[in-house]
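Take a look at the structure set out below.
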Amino acid sequence: MSKVSEVRDKLYRYVAPNYAPLPFVPRVAKGEWIYGLAEGNDGSDGWRAVLDLHSNYSATGLGHNPPELVDLKIKRLKENRIVFISRGAGMIEELAVLGERISHLSGMDMILPKNAGTEGFDLALKAARLWGYKVKGIKENRAEVIVCNENFHGRSLAATIASSDPRVKERFGPFGAERAFRKILFGDLKAFEKAINKNTAAFIVEPIQAEAGVIIPSEGYIREARRICRENNVLFILDEVQTGLGRTGQLFCWQHGGPEAMPDGMMLGKELGGGMNKESVFVASRQVLELLTEGTEGSTFGGDPEGCAIALKALDIVSEPSFLNRVEALGEEFVQKLRTIEAPIIKDVRGKGLLIAIELVPEVNVRRVWEELFRAGVLTIKRHNAIGFSPPLNINEHNLLVYGFNKIKKVFENFSPA
């Protein structure tokens, strides 16, 4: 039995089948390259080099094993620096510095650390409700939060209730808390204004709907939504787990709308861990986060010293203006090249920075295209009816614009839907 077959058999025997992975066993990774065993047409294993334009949905946004972060981790381990300690047992210096750094970069006041982006959504939801009751004066158990159709805020039960995707919701009910959400069309400001009432605590929205296929709202949407929230005493909270930390060519996606678009709160994650740790934070105004006093919220691993130190180093890299300018320019060039591909299966190409998608015509099987791209040596993201690209932000230009593009072009031009 080949190694790929052996791993597949064990996965489906001993691990819940909530993913349907490619026939690939990754072993080594560096930068934008992943090396591992892949299954050939004859069923035997072969060593494969794959160009990673997936980046774990941006979690490895600085590439695999980035040298600056690897060196920092090794140095801390050699010095026997503490890796983990409960926040209740001691004051974590690295967390204090991380809070200060994110506050200065975002213009907001405070952070609360977690581990994954979906935890950030749950926390934002709790914080919004608490603010609604204690500050806005909403009657107990009446608070509502407005979200958008086709959103993706994770896979917790709260995020599932907030979702409009029937595949995510089916047979996970009952959803007694569904009345706590009002769902509107993404990008529709009139629908948003109409949905607001005296019990509305917050509007939680992605500045670009990444998972839905990189759906980009009209110019000024985020800025106008923020204005509507301010005028109606509603918290404006952005889910920047996939769009933040340089992915769209600005440190935070909302910054494309100028300072008037700055939210009351924001979830960050993925890239914050630099591909080395699992880190996320909810950053918000003092008025919101000071309500979360001892006992109201916590996280066993959130805010660990090593993770915070790595997050600080990652922020040093992605916040550099020259780094962000390169991301924006490289993304624009890649989108323009993708638009030159003449293939009947392509419906649209869109993107912001290095968050990009090729939308397919409805009759095409997205998984088949995704698998063909992998066989050609390119790892991409399967997003609803689109093929997504979120390459490392520091990817080599030739690897993206020449090597990667030529592979992508060939697959799309030769793909047969039949």
Counted neighbours (other Cβ, 10 Å), sorted fewest up, put SER285, SER106 in the order SER285, SER106
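Treating only the Cβ atoms of Lys and Arg (+1) and Asp and Glu (-1) as charged, compute the dipole magnitude of the chain about its Cα centre; round to the nearest 20 debye. Could you put the intermediate results ahead of the total?
Numbers: 54 positive and 53 negative charges, 155 e Å.
In total the dipole reaches around 740 debye.
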Of LYS198/LYS352; LYS194/LYS270; LYS126/LYS183; LYS337/LYS382; LYS78/LYS278; LYS270/LYS352, pairs whose Cα-Cα distance is over 25 Å | LYS198/LYS352; LYS194/LYS270
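So what's Rg/Rh here for the stretch 67-318, counting alpha carbon atoms and using the Kirkwood radius for Rh?
Values: Rg = 18.0 Å, Rh = 18.6 Å.
Value, to two decimals: 0.97.
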How long, wide and thick is the stretch 202-287, going by the Cα atoms along their three principal axes, in whole angstroms, largest first?
-> 41, 31, 21
Residue-span extension gain [ASN149 to PHE301] - 0.36 nm each, minus C-alpha spacing = 51.5 nm
Cβ under 12 Å from PRO417's Cβ, PRO417 left aside: what net charge do those residues give with Lys, Arg +1 and Asp, Glu -1?
-> -1
The stretch 54-125 to the stretch 195-234: how many Å between their Cα centroids?
-> 27 Å
Taking the Cβ of THR380 as the center, what net charge do the other residues with Cβ under 11 Å away carry, scoring Lys and Arg +1 and Asp and Glu -1?
-> 0
Considering the stretch 1-56, what Rg and Dmax in Å follow from its alpha-carbon atoms?
-> 12.0, 32
Going by a ≥ b ≥ c, the root eigenvalues of the Cα gyration tensor, does the stretch 97-137 fall in the rounded group (a/c under 1.5), the prolate group (a/b larger than b/c) or the oblate group?
-> oblate
Extension gain GLU193-VAL28, at 0.36 nm per residue separation less the Cα-Cα distance, in nm?
-> 54.4 nm
Residues listed by number, the stretch 311-335, amide nitrogen under 13 Å from GLU413 label point at 7 Å toward C-beta | none
For helix 405-414, report the angle its Cα long axis makes with the longest principal axis of the Cα atoms of the chain; keep it between 0 and 90° and round to the nearest 10°.
-> 70 degrees
Mean Cβ count within 10 Å, highest first, over the residues of peptides 57-65, 19-27 = 57-65, 19-27
Sequence ranges 194-203, 208-217, ranked by mean other-Cβ count within 10 angstrom, highest first = 208-217, 194-203
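Bear in mind that the values in this text are calculations on the coordinates, not laboratory data. What you see is a predicted model, and the numbers here were worked out from it, not measured in a lab. As a convention, Cβ positions derive from the backbone with ideal geometry for all residues, glycine included, and neighbour counts pool all protein chains shown.
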